[in-house]
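First up is the structure itself, then whatever we jot down about it.
The values are calculated or read from the model by the stated rules, or taken from the named source; none is laboratory data. Owing to the predicted nature of the structure, the values given are computational and were not obtained by experimental measurement. Methodologically, a virtual Cβ is constructed for each residue, glycine included, from the backbone with ideal geometry; neighbour enumeration extends over all protein chains shown.
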Amino acid sequence: MKEASEHPAVILLSELLSIPSPSGREEQMGQLLVRKVKAIGFPCETDQAGNVLVRIGCREKERPLVVIAAHMDEVALIVTYIEPDGRLRVESGGLLPHKVGERPVDILGDANPVTGVLAVGLSGHSNSQNKPITWNECHIITGLSPTELDAAGIRPGAAVVPARMMRGPVLFGSSSDPLVAAWTFDDRMGCVTLLRLLEVMHREKITPKISLIVAFTVHEERGGIGAKVLAHREKPDVFIAVDGCPITPEAPLFLDGRPGVWSKDARAHYDQRLVRDLCRMAREARTELQPAVYKGAVSDASMVYDSGMAPRVAVVGHVRENSHGFEVARLSVFDNLLKTLLVFVRNWEG
């Protein structure tokens, strides 16, 4: 087992994992992405919501405007109450206690992050019943007083994420095509893929046949807010989210290097013409997409569509296991996803 690799996707992932980016606190990630995009050679902009946009080609009436987007935020814990002894009560809209576990965490205040340790449920030496743990039974041990926490800018509403030392990435399994694991790389790997896409487009001087916006959006985990702001303003003809494809009982996908494509989720039945075209592009890239139907999941794309802000939407991404936990994917999936998107931006005309 090893913790590092010279693969460009893993190098970028490791760098992005070092930046906490919970919904509503994406500013550090946004600044890093701006630096990365400018270093590649593209101009970019940050809108009032915090989305980072790269415009490629002028918008022309006869060409569809396509947004290809990955969200930069991560699901996190939220402080709900500060106890008199400095313990923090927390909740989460997307994380389960057993997924996070008893581990060091970073509490994001107004100043530098404060380290704490999450305590999940009762002691293993107790006679507690074998039942699921809820966030009501959990707390964060800080070792600080409420006054000291206040001085650090930690208040109800502050976000909490696993400490950097607990995030990975870790490579394991077959050396020829290893698995890569990291703490909820939803959707850092989407951001990695779009950065790599921009690198190739700039290096090879690729001119799409469409008007294109490559976007890194905020607040996906809390309602797709950044994507909705973007779509409301830009009015795209097509919105494609680059996100994970979790393995679930209703979507039994495989960690075999093939990316996934969402066919339906809780908010939208995706544009089947786009699904067909993306599958064809994948075959041209010498890979294949695994279609998936999700009962509970949603994406930036389906939330934009559900809000009436884009007429055609799709999602492609890396197939992953342990969704919203210490996630696992096949390393080759990231190259195959990149190759598929490169065929799309080279050839797709709408």
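Key figures
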item	result
Residue match in region 39-54 (condition: out of contact with any Gly (no Cβ under 9 Å at 6 or more places or on another chain), surrounded by 14 or more Cβ atoms within 10 Å (Cβ to Cβ), in a helix (DSSP H, G or I) and of a type in the set (A, V, I, L, M, F, W, C))	yes
Members of region 15-37 found to be without any contact (Cβ under 8 Å) to a residue 40 or more places away in the chain and part of a helix (DSSP H, G or I), listed by number	Glu15, Glu27, Gln28, Gln31, Leu32, Val34, Arg35
Among the residues listed as Val79, Val105, Val117, the single one being within 26 Å of Met189 (Cα to Cα) and not in a loop (DSSP other than H, G, I, E, B)	Val105
Among the candidates Glu250, Glu349, Glu327, Glu321, residue that is closer than 18 Å to Val214 by Cα, touching a residue at least 12 places away in the same chain (Cβ under 8 Å) and among the charged types (D, E, K, R)	Glu349
Identity of the residue in region 55-80, farther than 11 Å from Ala215 by Cβ and either under 14 Å from the mean Cα position of the chain (by Cα) or of a type in the set (Phe, Trp, Tyr) (or both), that ends up surrounded by the most Cβ atoms within 10 Å (Cβ to Cβ)	Glu74
Options Arg273, Arg286; residue that is at positive phi and not small (Gly, Ala, Ser)	Arg286
Qualifying position, being touching a Gly at 6+ places or on another chain (Cβ under 9 Å), of a type in the set (Phe, Trp, Tyr) and either farther than 22 Å from Glu26 by Cα or buried (at least 22 other Cβ atoms within 10 Å of the Cβ) (or both), among Phe185, Phe172	Phe185
Pick from region 92-106, criterion modelled with pLDDT of 95 or more and within 20 Å of the chain's Cα centre (by Cα), ranking: surrounded by the fewest Cβ atoms within 10 Å (Cβ to Cβ)	Asp106
Glu199 acidic (Asp, Glu) and not assigned by TED's automatic domain parsing to the domain that holds Gly257	no
Some residue of region 146-159 being part of a strand (DSSP E or B) and either among the charged types (D, E, K, R) or within 23 Å of the chain's Cα centre (by Cα) (or both)	yes
